[in-house]
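Comments concern the structure below.
The values are calculated or read from the model by the stated rules, or taken from the named source; none is laboratory data. For clarity, every value in this text was computed on a predicted model and none was experimentally measured. Here Cβ is always computed from backbone atoms with ideal geometry, including for glycine, and neighbour counts include all displayed protein chains.
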Amino acid sequence: MKKILTIVLAFVVAGSAFAQEKKFYLGLSGVQIGVGGMESTGLGTGVIYQKTDDNHSSILFGIAPEFGYFITERFAVGLGAGFNYKSDKVGDNSTGTTIWGVSPYARFYPIKAERFGLYLQAGVSFLSSKHENASKASNMFYAGIRPGVSYNLSDSFAIHATFGDLGFWDLPGDQSIFGLNLNTSTLLFGITIAF
């Protein structure tokens with residue numbers, strides 16, 4: 001009887017530990033508040049309207065889902081994908097640009113409490129941008145590190161934010177940029193659900 005009770009207790013403890021340990025997550029990333037302008041060539045979720053002057057306005061629509069997996073309590077890997085459409089209106093003329101891409105990443109949490117965490121996200125992005133009047137698409141590549149903060153609203157829901165990045169951009173026209181970017185357009189928000 002004592003052996004059976006020990007086995008049942010072991011299954012209950014293992015089952016409850018497994019139930020509390022949610023390793024997979026889905027979310028929306030790159031949510032921008034419409035104060036940072038549209039200088040960022042990355043992918044994001046949301047709608048941003050910008051009016052430069054009486055003759056020029058832009059609207060950006062985007063969706064950027066992500067999927068991730070916690071390998072350990074402090075280390076996660078993930079894949080983001082996205083689609084953005086930007087419409088520019090100058091006077092009576094309007095043109096559009098489509099951007100899509102994928103962004104694999106790894107996140108390390110040097111500080112992770114029950115509700116709060118600080119992380120560094122290292123990743124790469126492969127992006128393709130096509131202006132409706134262009135004959136072919138322009139490709140872009142990014143590799144860099146972004147600091148972030150996360151807060152667990154419950155056992156399943158979390159919000160997170162990143163600001164700034166240290167990275168390398170390979171842009172169309174043989175343009176390369178390396179450096180620290182602290183522009184307000186790098187302030188991005190996200191929400192995830194764990195299961």
| message | I need a count of the residues in region 94-119 that are at pLDDT 95 or above and of a type in the set (Lys, Arg). | response | 1
| request: Would you confirm whether any residue within region 106-117 is among the acidic types (Asp, Glu) and farther than 20 Å from residue 75 by Cβ? | output: no
| Which pairs have Cβ atoms under 9 Å, sit 6 or more apart or on different chains, and link a residue in region 42-62 that is farther than 22 Å from residue 188 by Cβ to one that is among the aliphatic types (A, V, I, L, M) and at pLDDT 85 or above? | 55/90; 56/90; 57/90
| query | Residues of region 146-163 being exposed (fewer than 14 other Cβ atoms within 10 Å of the Cβ) and in a strand (DSSP E or B), which ones? | reply | 151
| task | Report, by residue number, each residue of region 78-123 that is of a type in the set (Val, Ile, Thr) and farther than 23 Å from residue 23 by Cβ. | result | 90, 95, 97, 98, 99
| Do we have any residue at all in region 141-156 that's under 30 Å from residue 89 (Cβ atoms), touching a helix residue (DSSP H, G or I) at 6+ places or on another chain (Cβ under 7 Å) and of a type outside the set (Lys, Arg)? | no
| note | Filtering region 133-155 down to residues that are touching a residue at least 24 places away in the same chain (Cβ under 8 Å) and within 22 Å of residue 81 (Cβ to Cβ) yields 138, 139, 140, 141, 142, 143, 144, 145, 146, 148, 150
| query | Can you find a residue in region 37-45 that is under 24 Å from residue 172 (Cα atoms) and either modelled with pLDDT of 90 or more or touching a Lys or Arg at 6+ places or on another chain (Cβ under 8 Å) (or both)? | reply | yes
| request: Select from region 45-86 the residues that are of a type in the set (A, V, I, L, M, F, W, C) and not in a strand (DSSP E or B) and write down the one among them that is surrounded by the fewest Cβ atoms within 10 Å (Cβ to Cβ). | output: 71
| Picking from 91, 62, which residue would you name as being of a type outside the set (S, T, N, Q) and either touching a Phe, Trp or Tyr at 6+ places or on another chain (Cβ under 8 Å) or modelled with pLDDT of 95 or more (or both)? | 62
